[in-house]
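The values are calculated or read from the model by the stated rules, or taken from the named source; none is laboratory data. Just so it is clear, the model here is predicted, and its values are computed rather than measured. Please note: Cβ atoms are built from the backbone with ideal geometry, for glycine as well, and neighbour counts cover all protein chains shown.
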Amino acid sequence: MVTDVMERRGLLWPLAMLVTAGVGTGLMFSLNRIATVDGVPFIPYVFWSCLISGIVLLGLSMARRTPPSLSWPHLRTYIIVGVLGMALPITILAFVAPKVPASVLALGQTLVPMMTYLLALALVMERFHWFGIGGIVLGLIGVLLIIVPEASLPEPEMAGWVAVALLAPLCFAVCGISAAKFRPPEARSVSVSAGVQLVAALFLLPVMAVADSWWFFTSDFGEGEAALIVVALFYAVFWLCFFEIIRLAGPVFFSTSNYIATIAGVVWGLIIFGDSLSSWIWAALVLMIAGLYLMNVQGKPAAAS
């Protein structure tokens, strides 16, 4: 009894961070759409988001006298997590944001825990359980309900863009596993978060050069610029939560923040854009949430290895 109470108390802080990360991530889908529709090119949008949040985190790490280490184990973490967890998936989501309703994109987040579980299972970081497999099956059926029926999306042509957007959850899943596996034990969350964001920004510089997609803030500060600033500040909070949760409770536990992100993303899309969702989409949402529930029926989250 006492042990159970201690375990519940020990998860209160990770749970609070989980909610913060989930609700904020859900809002990002709408802010991505606001920024890109307002004329902010999607690659510079992600670049400035990474750079600004990286500078904020670097300032915090310097204030705490724990600057990001430049040793190879730390640099490896910055590169893997920065590219897979930020530069690549956020660029994908920003690219498709004007083409698909924000609430529909948010549904893809339900796949992150399922993909994370499969990867953790393959790497022997999680135990096999039938509830988890059942959850994955329900999630896949939910995806099919979004992509296959012609009446599920406002326009049938959106199905292809939804399929492209599903690459982002895969990147997030690989990122979560990599963060748990490669993060140096002595690394502070604020320091490694700063390194991740700054490396992601550096990664995007040559991408912008090749795409010849340059953009800078101007005196004509509009909704797109405001959305970008909010996103950048949130990412500073998000990455702190990300590394702390994985350190305390493991990548599979963190991946369940996408349960919150999915619901929050749908709600934000309804509030901000008045998204109209078909019965197919609502059915997919129910199946995906049921799948997430099954994945967490077995009990305690796994500790990071």
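For the range 169-187, which positions are touching a Phe, Trp or Tyr at 6+ places or on another chain (Cβ under 9 Å) and of a type in the set (A, V, I, L, M)?
Hits for the range 169-187 are 173, 179, 180, 187.
Would you call residue 245 under 27 Å from residue 138 (Cβ atoms) and at pLDDT 85 or above?
yes
Return yes or no: is residue 213 in contact with a helix residue (DSSP H, G or I) (Cβ under 7 Å, 6 or more places away or on another chain), surrounded by 20 or more Cβ atoms within 10 Å (Cβ to Cβ) and either part of a helix (DSSP H, G or I) or modelled with pLDDT under 85 (or both)?
no
Residue by residue through the range 156-198, note down the ones that are within 23 Å of residue 96 (Cα to Cα) and either in contact with a strand residue (DSSP E or B) (Cβ under 8 Å, 6 or more places away or on another chain) or modelled with pLDDT of 90 or more (or both).
197
Look at residue 41 and say whether it is under 30 Å from residue 220 (Cβ atoms) and in contact (Cβ under 8 Å) with a residue 24 or more places away in the chain. Quick ask: steps written out before the conclusion?
Values: under 30 Å from residue 220 (Cβ atoms): yes; in contact (Cβ under 8 Å) with a residue 24 or more places away in the chain: yes.
Taking the combined requirement at face value, the residue satisfies it.
Of 90, 34, 52, which residue is in contact with a helix residue (DSSP H, G or I) (Cβ under 8 Å, 6 or more places away or on another chain) and surrounded by fewer than 21 Cβ atoms within 10 Å (Cβ to Cβ)?
Criteria check complete, one pass: 52.
For the range 237-251, name all the residues that are crowded, with 23+ Cβ neighbours inside 10 Å, part of a helix (DSSP H, G or I) and more than 13 Å from the chain's Cα centre (by Cα).
245, 246, 249
Which pairs have Cβ atoms under 6 Å, sit 6 or more apart or on different chains, and link a residue in the range 227-242 that is more than 23 Å from residue 41 (Cβ to Cβ) and touching a residue at least 40 places away in the same chain (Cβ under 8 Å) to one that is part of a helix (DSSP H, G or I) and not hydrophobic (A, V, I, L, M, F, W, C)?
Sorted first by the residue in the range 227-242, then by its partner, the pairs are 239/193; 240/189; 240/193; 241/20.
With the structure loaded, tell me whether residue 69 is within 30 Å of residue 212 (Cβ to Cβ), polar (S, T, N, Q) and touching a residue at least 40 places away in the same chain (Cβ under 8 Å) or whether it fails that test. Let's see the steps before the verdict.
Details: within 30 Å of residue 212 (Cβ to Cβ): no; polar (S, T, N, Q): yes; touching a residue at least 40 places away in the same chain (Cβ under 8 Å): yes.
Here the answer is no, as residue 69 does not meet what is asked.
Grab the helices (runs of 4 or more DSSP H) fully contained in the range 17-114, keeping just those with 2 or more residues being among the hydroxyl-bearing types (Ser, Thr, Tyr). Show your work before the answer.
Working: elements: 42-63, 72-82, 88-96, 102-107.
Where helices (runs of 4 or more DSSP H) fall fully within the range 17-114 and carry at least 2 residues being among the hydroxyl-bearing types (Ser, Thr, Tyr), they are 42-63, 72-82.
Would you mind stating whether residue 65 is of a type in the set (Lys, Arg) and modelled with pLDDT of 85 or more?
Answer is yes for this residue.
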